[in-house]
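Below is one structure; the comments refer to it alone.
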Amino acid sequence: MSSHSSIVGGSTAKRLISCPGSRALVDKMPPKPSSVYAEEGTRLHNAMHAILSLDAKVEDFDNNDKLKFALEALNEIDPNRDLEFQTEISVHFGGFLAGVFGSCDLLGRIGNRAILLDWKFGDGLAVDAVENDQLLFYAAAGMRTPEARWAFEGVTEIELIIVQPPRVSRWLTTPGRVKAFERTLYDAVQMSFKPDAPVKSGDHCRWCPAKPVCPAVTGQLERAVATKIKGIDKEKLGNALAFALLAEDWAKSVRELAQTMLENGEPVDGWKLVPKRATRQWADPDKARAALAEMGLAAEDMMVMKSPAQVEKIAGKLPKDLTVAISTGNTIAMESDPRPAVLTHGDDLIRAFSDIR
């Protein structure tokens, strides 16, 4: 995937519009290291680009259940194969907003409708396409990018789509709404370069790297430290730390209580029980030892010392029947989380009695 502008990109448009002062704060932060989740997302995005534009096969990639869902979603969006599209296309604002650009996962057109589609392969909160600032950013930039204008010329509708397995969110809007967003973005970018650009906390802070130093987030204590650290009442600070430990224990006990209730079939408003991320294990240790020995590996040492993922780094891709993905347990998540809820024993009994009746 292409990089995004350091001023503002699709993924940061909502934050900059809501908090123009965040741009200067983020500029002062050290680069954020990559994570396994970000790397997995990049890999799956690259896989979709290869499948749709380079004639690769979905079977060539791991974790292809998500890829298959994404392709099936695209078939439902374009059942008659009328969609003309480009993948991983760079879009920008030219001289209107110099230095502001991004990369759109899929830009297309069916008749008088332009389509902007974003793949999201993470297992976090579900993302809605309605008034989605990221896709509005790509649409606005696309309308100003010469190589992308073919998708917008003469259209009366613009559809924004989020494909986030196992969910698809779609929103139909107009070129006029996109132009209104562009004006809002322009004003926010100009404001962000002013020394008194305002900062404001909200849900846009979730992924902001400047959150640890932002006065709108850290609140009164941060402001007091910035003003004069020696002026802090040390007794009050000590008491506050003690209270923080108590609050952390309380929060932990609340989560444990909620999980216990959900595991016993008791509903908790707005929350559900979901499986933790599955990890691969050896399906049949004896069969795995034999297979590794045939591959010329020190099978016993490999089995004892390494997981299937570690063995693959040495030996290459393993046959699928040697491993099995097993969840390490359950955890709680908000109802909006795209992961399916775990069935409890209570749910099973209710279904069984319903079948009997």
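The values are calculated or read from the model by the stated rules, or taken from the named source; none is laboratory data. Keep in mind that this is a model prediction, so the values were computed, not measured. Neighbour counts are summed over all protein chains in view; Cβ atoms, including those assigned to glycine, are modelled from backbone coordinates with ideal geometry. Just so you know, the surface numbers come from the protein's heavy atoms only, side chains and all, with ligands and any DNA or RNA stripped out. Shrake-Rupley method; radii C 1.70, N 1.55, O 1.52, S 1.80 Å.
Consider Ala114 carefully, then state whether it is in contact with a strand residue (DSSP E or B) (Cβ under 9 Å, 6 or more places away or on another chain), open to solvent by less than 10 Å² (accessible area, probe 1.4 Å) and part of a loop (DSSP other than H, G, I, E, B). So Ala114 fails the test. Which ones in segment 19-48 are more than 19 Å from Trp207 (Cβ to Cβ) and surrounded by fewer than 17 Cβ atoms within 10 Å (Cβ to Cβ)? The answer is Arg43, Asn46.
In segment 50-67, what residues are assigned to a helix (DSSP H, G or I), without any contact (Cβ under 8 Å) to a residue 40 or more places away in the chain and surrounded by 15 or more Cβ atoms within 10 Å (Cβ to Cβ)? Within segment 50-67, Ala50, Ile51, Val58, Asn64, Leu67 meet the criteria.
How about segment 3-18: which of its residues are assigned to a helix (DSSP H, G or I) and surrounded by 15 or more Cβ atoms within 10 Å (Cβ to Cβ)? Working first, answer last.
So the first thing to find is which residues in segment 3-18 are assigned to a helix (DSSP H, G or I), and the list is 10-18.
Hits for segment 3-18 are Gly10, Thr12, Ala13, Lys14, Arg15, Leu16, Ile17, Ser18.
Scanning segment 19-39 for residues that are modelled with pLDDT under 90 and of a type outside the set (Val, Ile, Thr) yields Lys28, Met29, Pro30, Pro31, Lys32, Pro33, Ser34, Ser35, Tyr37, Ala38, Glu39. Hey, any hits in segment 67-78 for a residue that's of a type in the set (Lys, Arg) and within 22 Å of Val8 (Cα to Cα)? No: segment 67-78 contains no residue that is of a type in the set (Lys, Arg) and within 22 Å of Val8 (Cα to Cα). Of the residues Phe96, Phe85, the single one that is part of a strand (DSSP E or B) and surrounded by fewer than 20 Cβ atoms within 10 Å (Cβ to Cβ) is Phe85. Residues in segment 269-290 that are exposed (fewer than 15 other Cβ atoms within 10 Å of the Cβ) and among the β-branched types (Val, Ile, Thr): Thr279 alone.
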